[in-house]
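**Student:** To start, I am sharing the structure in question, which I have written as structure tokens.
The values are calculated or read from the model by the stated rules, or taken from the named source; none is laboratory data. The structure presented is a predicted model; accordingly, all values stated were derived computationally and were not measured. So basically every Cβ, Gly included, is an ideal-geometry build from the backbone, and we count neighbours across all protein chains shown. In case anyone asks, the SASA skips ligands and DNA or RNA and just uses the protein heavy atoms, side chains included. Shrake-Rupley method; radii C 1.70, N 1.55, O 1.52, S 1.80 Å.
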Amino acid sequence: MSETKKPLLPEMLQMWQKTLSWQPDAGHLLEFQRLYELILEGNQQLNLTRITEPRDFWEKHLWDGLRGVSPLWTNADDWRVIDIGTGAGFPGLPVAIARPDWQITLLDSTGKKTAFVQSVIDKLGMENAVTHR
């Protein structure tokens, strides 16, 4: 029996550092990869995203979302943040991974999507993220 090889996200460590003055550590990279895998699995049941190629996912769902909040990182410990219209959990889930000291609420009006996002939160063991509908 052959096992299907899962696509891997690019690490892009120099790009993270150059553009955000931050680099994900090994734990962040593992969580980003697991998030990617969960999105690909969920995409088979729900219309979550058309962005599924590893490099595109990295750029549009991880890097772009974190780039939007990176100017707020300096002296921003223990923030409470809400992601309104989170859909499949972007940018809220990557922010919650990158900033475990922030409390993230992911809000969406679609029950199926909030249920999916909550399942991702549970599977990743995120203690700093909750969903709300």
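**Student:** State which residue is farthest from the chain's Cα centre (by Cα) when the search covers only segment 49-78 and only residues that are hydrophobic (A, V, I, L, M, F, W, C) and closer than 18 Å to Ile104 by Cα. Steps first, please.
**Tutor:** Going through segment 49-78, the residues hydrophobic (A, V, I, L, M, F, W, C) turn out to be 51, 57-58, 62-63, 66, 69, 72-73, 76.
Those left that are additionally closer than 18 Å to Ile104 by Cα: 62-63, 66, 69, 72-73, 76.
Details: Leu62: 6, Trp63: 10, Leu66: 9, Val69: 13, Leu72: 17, Trp73: 17, Ala76: 19 Å.
Restricting to residues being hydrophobic (A, V, I, L, M, F, W, C) and closer than 18 Å to Ile104 by Cα, the top hit is Ala76.
**Student:** Residue under question is Leu46, and the condition is that it be part of a helix (DSSP H, G or I), open to solvent by less than 60 Å² (accessible area, probe 1.4 Å) and among the aliphatic types (A, V, I, L, M); does it hold?
**Tutor:** Values: part of a helix (DSSP H, G or I): no; open to solvent by less than 60 Å² (accessible area, probe 1.4 Å): yes; among the aliphatic types (A, V, I, L, M): yes.
Considered against the rule, which asks whether it is part of a helix (DSSP H, G or I), open to solvent by less than 60 Å² (accessible area, probe 1.4 Å) and among the aliphatic types (A, V, I, L, M), Leu46 comes out as no.
**Student:** Right, here's the next one. May I ask you to list the residues in segment 75-115 that are within 17 Å of Leu46 (Cα to Cα) and among the aromatic types (Phe, Trp, Tyr)? Quick ask: steps written out before the conclusion?
**Tutor:** Start the filter on segment 75-115 by keeping residues that are within 17 Å of Leu46 (Cα to Cα), which leaves 85-90, 108-115.
Passing the criteria: only Phe90.
**Student:** Hey, among Pro10, Pro71, which residue is assigned to a loop (DSSP other than H, G, I, E, B) and more than 16 Å from Gly92 (Cβ to Cβ)? Break it down into steps so the answer makes sense when it comes.
**Tutor:** Working: Pro71 fails: assigned to a loop (DSSP other than H, G, I, E, B).
Going through Pro10, Pro71 in turn, the sole match is Pro10.
**Student:** Step by step: first the residues of segment 119-133, then only those that are charged (D, E, K, R) and out of contact with any helix residue (DSSP H, G or I) (no Cβ under 7 Å at 6 or more places or on another chain), then the one that is least open to solvent (accessible area, probe 1.4 Å). Which residue is that? Write out each step before concluding.
**Tutor:** In the first step, residues of segment 119-133 are kept if they are charged (D, E, K, R); the result is 122-123, 127, 133.
Still in the running and out of contact with any helix residue (DSSP H, G or I) (no Cβ under 7 Å at 6 or more places or on another chain): 122, 127.
Details: Asp122: 101, Glu127: 172 Å².
It comes out as Asp122.
**Student:** Scan segment 79-118 residue by residue and report those that are open to solvent by less than 40 Å² (accessible area, probe 1.4 Å), more than 11 Å from the chain's Cα centre (by Cα) and in contact (Cβ under 8 Å) with a residue 40 or more places away in the chain.
**Tutor:** Passing the criteria: only Phe116.
**Student:** Let me ask you something else. Could you check how many residues of segment 33-48 are within 10 Å of Val120 (Cβ to Cβ) and in contact with a Leu (Cβ under 7 Å, 6 or more places away or on another chain)?
**Tutor:** Total meeting the criteria: 4.
**Student:** Provide a single number: the residues in segment 16-27 that are touching a residue at least 40 places away in the same chain (Cβ under 8 Å), open to solvent by 30 Å² or more (accessible area, probe 1.4 Å), not aromatic (Phe, Trp, Tyr) and not in a helix (DSSP H, G or I). Explain how you work it out, then say what you get.
**Tutor:** So the first thing to find is which residues in segment 16-27 are touching a residue at least 40 places away in the same chain (Cβ under 8 Å), and the list is 16, 19-22, 24.
Checking the rest, the ones that are also open to solvent by 30 Å² or more (accessible area, probe 1.4 Å) come to 19, 21-22.
Then keep just the ones that are not aromatic (Phe, Trp, Tyr); that gives 19, 21.
Filter once more, keeping what is not in a helix (DSSP H, G or I): 21.
Of the residues in that region, 1 qualify.
**Student:** Looking for whichever is without any contact (Cβ under 8 Å) to a residue 24 or more places away in the chain, open to solvent by 100 Å² or more (accessible area, probe 1.4 Å), among the aliphatic types (A, V, I, L, M) and out of contact with any Leu (no Cβ under 6 Å at 6 or more places or on another chain) here; the options are Leu13, Leu30, Leu72, Leu8. Which one fits?
**Tutor:** Numbers: Leu13 fails: open to solvent by 100 Å² or more (accessible area, probe 1.4 Å); Leu72 fails: open to solvent by 100 Å² or more (accessible area, probe 1.4 Å); Leu8 fails: without any contact (Cβ under 8 Å) to a residue 24 or more places away in the chain.
The match here is Leu30.
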